[in-house]
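The values are calculated or read from the model by the stated rules, or taken from the named source; none is laboratory data. Keep in mind that this is a model prediction, so the values were computed, not measured. Here the Cβ positions follow ideal geometry from the backbone for every residue, glycine too, while neighbour counts run over all protein chains shown. We work out accessible area using only protein heavy atoms, side chains counted, and drop any ligands, DNA or RNA first. Shrake-Rupley method; radii C 1.70, N 1.55, O 1.52, S 1.80 Å.
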Amino acid sequence: MVRRSQSSNPRSVVVLTSGTDWGTRAAGQKRSSGAETPIPQRQPAKIKALQQAVRLANLAIDKKHWTAARYALSRARTLANALPANVAVREREKLSAARKRHAARNTPAAKNARQAKAKAAPAKRAGGKKPAPKKPTAKKAAQKPKPAPVRDLGDRFINRAALGYTETKGS
């Protein structure tokens, strides 16, 4: 049995159900998309909201925050659909490019590009500076590492008789 009422009032009616309505209650708790958010009334505000949604989608894609990117793309799509086709053409192109980048996030081409970028990144330096000439390190590579220093235990007396190492005078 499941208690339906969440009220703290003891006189309120409590309906006990056997759980048959869970499917319909869970249907109302789906993941929200950007399409449910309110759309501005005026056209300039719609264009500004579209630009902001595309910018957020691109930022989320850059940071690999895929759920935030999906939300922003969904919001941008509803805003683009709310505008006439001949308005905000540049924003629609940016949205299309962002959608393609989001769709290509797990493709082999994206993985190859990521690996190539990782290999090429250490070679570049900021500000167009040339790397400093490297000093020859062949001498250092040939040297063996120093062994750990031996601890000085001082002058210790070892009782050989207690260890059974003493000579027997009978032999």
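When residues of segment 62-104 are filtered for being among the β-branched types (Val, Ile, Thr), under 17 Å from ILE39 (Cα atoms) and open to solvent by 70 Å² or more (accessible area, probe 1.4 Å), how many remain? Explain how you work it out, then say what you get.
Kept after step one, since they are among the β-branched types (Val, Ile, Thr), are these residues of segment 62-104: 67, 78, 87, 89.
Those still in the list that are under 17 Å from ILE39 (Cα atoms) too: 78, 87.
Restricting the remaining residues to those that are open to solvent by 70 Å² or more (accessible area, probe 1.4 Å) gives none.
Qualifying residue count for the region: 0.
Could you list all residues from segment 29-84 that are more than 17 Å from ARG105 (Cα to Cα), outside any helix (DSSP H, G or I) and within 25 Å of the chain's Cα centre (by Cα)?
Hits for segment 29-84 are LYS30, ARG31, SER32, SER33.
Scan segment 106-118 and report the pairs whose first residue is open to solvent by less than 90 Å² (accessible area, probe 1.4 Å) and whose second residue is among the hydrophobic types (A, V, I, L, M, F, W, C), with Cβ atoms within less than 9 Å and a gap of 6+ or a chain change.
Within 9 Å, the pairs are ALA110/ALA104.
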